[in-house]
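Beneath this line is the structure, given in structure tokens, with notes to follow.
Any read-out appearing in this document is the output of simple, stated calculations on the displayed coordinates, not a laboratory observation. Computed from a predicted model, the values in this text were never measured in an experiment. Note: ideal-geometry Cβ built from the backbone for every residue, glycine included; neighbour counts use all protein chains shown.
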Amino acid sequence: MVQQEVLDRRFSALADSTRRAVLERLGQGPATIGELAEPHAMTLTGMKKHVQVLEDAGLVVTEKVGRSRQCRLGTERLDDVMAWISFYQRLWERRLDGLDAYVTMRPPADAPPRGPDT
């Protein structure tokens, strides 16, 4: 159950394009809330809410530095998310491979019926 909650928080955090852009930006190095808000023409309060969602998911860490809040990528990686996605990717690949095999081996619809002598 705990694992599902972690996945829910991570997927929820990644569901928003602004938060994904924040993660991309932090991949280049630390930034303040103001620096993160600027390209989105967003208020500091609005960006702080986005950063809080990322922080709750373990994807971002913030630290008070003087009068600003410095953000950097968190220590949590997306390994659990990738494992979940990989599981379902393999599942669907097996199902689609099975469907492909069925369709390939199935006689064409306009082929004459095969009798016991054929």
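Using R₀ = 30 Å, calculate the FRET efficiency as 1/(1 + (r/R₀)^6) where r is the Cβ-Cβ separation of Trp92 and Glu24; round to 0.05.
Between Trp92 and Glu24 the formula returns 0.65.
State the answer as a single residue: which of Ala37, Tyr102, Trp92 lies farthest towards the positive end of the charge dipole of the chain, with beta carbon charges of +1 for Lys and Arg and -1 for Asp and Glu, about the Cα centre.
Value computed over the given set: Ala37.
If one takes the longest principal axis of the Cα atoms in the chain, at what angle in degrees, from 0 to 90 and to the nearest 10, does the Cα axis of helix 17-26 lie?
60
Under 5 Å between amide hydrogens, which residues at least 5 positions from Val60 or on another chain qualify, with H placed 1.01 Å from N in the peptide plane?
For Val60, the qualifying residues are Glu55, Gly74.
Over the chain, calculate the relative contact order: mean separation of alpha carbon pairs under 8 Å at least 6 apart, over the residue count, as a percent.
Worked out over the chain, it gives 23 percent.
With everything on Cα atoms, drop me the angle between helix 44-56 and the longest principal axis of the chain, reported from 0 to 90° to the nearest 10.
Taking the Cα atoms of the chain, the angle to 44-56 is about 60 degrees.
In deg cm²/dmol and to the nearest 500, what is the mean residue ellipticity at 222 nm of the chain if only DSSP H runs of at least 4 residues count, each as -39500 (n - 2.57), divided by the residue total?
-18500 deg cm²/dmol
For Arg9 and Lys49 in the same chain, what is the full-extension length gain: residue separation times 0.36 nm, less their Cα-Cα distance, in nm?
13.0 nm
Thr32's amide H: which non-local residues (gap 5+, or another chain) put their own amide H closer than 5 Å, with H modeled 1.01 Å from N in plane and none for Pro or chain starts?
Answer set, sorted by chain and number: Cys71.
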